[in-house]
Amino acid sequence: MAALRTLAFACAGLSVFSGFGAEASSNDAPSSTSSSKEDRYKKPKTVTSHGKAEHIRVHADAHSYGATSSSIADKLPTTFLQQTQTTNVVTHQVIEDMTPQTMEDVAKYVPGISIGNNFGGTQDDLMKRGFGAVDDGSILRNGVRMPTGRNFDLATTERVEVLKGPASLFYGMQEPGGVINVITKQPRKTWGANLGTTWSSLGGGYGHFDGGGPLTHDLSFRLVGSYKNENYWRNFGSNRQKLLAPSLRFEHGRFTADVSYEWAKYNNTLDRGAVFSNGRAVSGPAKRLDESWAKSFGERHLLATTMEYRLTDHDRIRLSGGWNRDNYHDRQADPSAYNAATGILTRRYRSNTGTIRANGYASLDYLSNHVLWGMKHDLVVGADYENRQQNQGAFIDGTRQGGFYPADPVYGLLKPVGPINNSNSDWRQYINSASGYLKDNIHLGHGLILAPGVRYQFFHITYGGRRPYVQTTDASYTKPLPFVALVYQLGKRVSFYGDYSQSFTPNQLDAGSVLEGGYKPTMGRQFEVGARYQDRFLTADVALYNIHKKNVQQSAGLDETGNTLQRLAGLVGSKGVEASVAGKLDKHWNILANYAFTYARILRDTPADEGKLVANVAKHTGGGYLTYEAALPWLQTTMRIGAGARYVGRRAGDLNNTFWLPGYTTVDAFASWHTGRLLGHDTSLQVNAVNLANKAYFVSTAGTPLRVSWGQGRTVHVGIEVGF
């Protein structure tokens, strides 16, 4: 038991703000060679439960692609082989090597994730196991639900944890596909700083600084800042952002407190992409169908706090809270019709202005591990409260204007002016939720872990809009959500698991959307079985699942005024297989590989839609990445090189499957050199190439052939970083 408690509290000491486990950041100390990193491996320890052996694998290698523990499924650090649900972790080393720019880039390394309607490349919409929406609440930052927008930043992110399947037990109102938690960097325990700059082949680039250390014996801090001004990859546009992120940690005796704040001001290209006609795009990726003023811009604030007090060696109380706010605006050159005979695209100016999106969250947890009746219990009991609000503000809707030829575009004809559309303005949505939950991982002995749990969920939603204001929804719902899982660990390297879980969440409408039919919340359930393998720093898993979801919100094209039509399908099912391998093959080689078969279709709806595949979800996705590391004979230099490919299969483009996005394969590569002796400072040089073959492909669709997003063309980044 002592070994298990040591592991749990060691991992908890590394946890970030909301208490979710994070690996130690490699930014806190100079990088070392592979051989020295291997020395940090610790042999497995054996503890007993009711006299039966239970193997706990204790690892520590911040430079591995494989994570040997995570906290997203249990709110407690749990070793890989004993996790009760499917989890995937994008480690700090993966982020450092691949330098992803968005959540879409992060999704390359997680099986079973597709890209949904990303609103012209400005918002995260990740379809997990066939389910998701642009504002489904599935993306968390340090455990706090984030509003619509881009929620990944390379400068501040330590790692990303993904929990597959219904995650309502601990995370409340969720889609049944899963949740994604972005864990940010924690305050530094030793003094240090990094300065870096990156040049882009597109023109421009970005820079960052990251510094901090202990202010007193009990108090440490960190300050991260970044500035980006990079040209857009198509024929015009740019992405710009300023960011500051200070954080503090106070540790004294049994008490620990964290507080972090992040401010960002952004101005990004809004690219409506391509228009399809007769099953294919009417123009190529080189020239946009927008105008130079098509942007999304605004200012975001995020505050997260956690206080934890350890009552005994076995018991602790954790109070977590967070708040975020996004003051958002956009300007769109929105396509509304295409005439195949004349080749003319009709567009109009549309704009969301003065939109406010804000979330508040608080939770109180009691976390314990005790031996009762000869069985070890890892217990979490808690309650949480959440408030979500969105106020669209004024919606500007210009007149339709033709005369634009995608094959030979002439820009400047469409002006960003128009009247306020009173029927689409001031749409407001407020959701209040309060819940209690419990989960107990019971170690029965003989390698068996039984994990029952339950959540009692309440939420109230009000929704309405127009000028003058008309309320269309005012409803409250309650539901108990059961959970149960069984894990069987066979020896030191293999385990098997199965689980059943449910989800329950309100359907939320995006600004500029219209719901056909009456309002209902959405409910889901999942059965899952899987197996895991771990050998030192190499992990592998495979999972089979079956999900059913009622009242699924689907995009059903555009109405006569250009609003996105939303309707609720009666029943949607998703079943499939996911497999992944991650970690170290030996002291030189790291591997990432994954494959997913996802069969998501409408099981019960109107005769026209029944049996159709869910839009944007490919049946087959997969990829692999291989990295080699070696020490060079001068200046104590370490070199890392790697390359990999990502395949996404053919996908339906809309609810009725009237057009399809073709499958594609992209290739990425990187090389980096690090030395600790150049001019007396730690210095690194890194080159990353995305879409090396410059493949023309489509990422996703907004449920209509008039809005299809292109994938990014070949881009090369060259960065240099100096540590002090």
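Derivation of every value follows stated rules applied to the coordinates shown; laboratory data play no part. All values derive from a computational prediction rather than experimental measurement. With ideal geometry, Cβ positions are generated from the backbone for all residues, glycine too; neighbour counts draw on all protein chains shown.
Quick one, what does Rg over Rh come out to for the range 229-349 if you take C-alpha atoms and the Kirkwood Rh? It would help to have the intermediate numbers written out before the result.
Working: Rg = 23.6 Å, Rh = 18.5 Å.
Rg/Rh: 1.28.
Computed 3J(HN,Hα) for the range 452-466, one whole-Hz value per residue from the Karplus formula 6.51 cos²θ - 1.76 cosθ + 1.60 where θ = phi - 60°, is x, x, 7, 10, 10, 9, 10, 8, 10, 10, 10, 8, x, x, 6, glycine and proline marked x. Ranked from largest, the principal axis spans of the Cα set of the range 621-724 equal 62, 23, 19 Å.
What is the extension gain from residue 267 to residue 681, computed as 0.36 nm multiplied by their sequence separation minus the C-alpha to C-alpha distance, in nm to one decimal? If you can, show how the numbers build up before the last one.
Numbers: separation 414, 0.36 × 414 = 149.04 nm, distance 3.45 nm.
Fully extending the segment from residue 267 to residue 681 adds 145.6 nm.
Using only side-chain charges placed at the Cβ, +1 for Lys and Arg and -1 for Asp and Glu, the dipole size of the chain relative to its Cα centre rounds to 500 debye. Between the listed residues 473, 374, 457, the Cα displaced farthest toward the positive end of the dipole of the range 358-502, a dipole computed from Cβ unit charges relative to the Cα centre, is found at 473.
Relative contact order for the range 276-332: what is it in percent, counting Cα pairs under 8 Å that are at least 6 residues apart? Mind dumping the intermediate values first?
On the way: 62 pairs, mean separation 22.3, N = 57.
Rounded, it is 39 percent for the range 276-332.
The order of the peptides 626-633, 322-329, 682-689 by mean Cβ neighbours within 10 Å, most packed first, is 322-329, 682-689, 626-633.
To the nearest 10 degrees, how steep is helix 2-13 against the longest Cα principal axis of the chain, on a 0 to 90 scale? That helix lies at roughly 40 degrees to the long axis. When the alpha carbon coordinates of the range 440-495 are projected onto the principal axes, the ranges are 67, 21, 9 Å, largest first. Per-residue Karplus couplings for the range 341-346, computed as 6.51 cos²θ - 1.76 cosθ + 1.60 with θ equal to phi - 60°, are listed in order as 5, 9, x, 9, 9, 8 Hz, Gly and Pro entered as x.
When peptides 460-467, 666-673 are ranked by their average number of other Cβ atoms within 10 Å per residue, the highest-first order is 666-673, 460-467.
The value of relative contact order for the chain, using C-alpha pairs under 8 Å at least six residues apart, is 12 percent.
Take the Cα pairs of the range 2-723, get the Kirkwood Rh, then feed it into Stokes-Einstein at 4 °C and 1.567 mPa s and tell me D in µm²/s.
Working: Rh = 26.2 Å.
In µm²/s, the coefficient is 50.
Relative to one another, the C-alpha centroids of the range 265-283 and the range 660-724 are positioned 20 Å apart. Specify the inter-centroid distance of the range 208-238 and the range 151-204, based on alpha-carbon positions, in whole Å. Using only Cα atoms, the two centres lie 13 Å from each other. Each part reduced to its alpha carbon centroid, the range 110-133 and the range 341-366 end up 15 Å apart.
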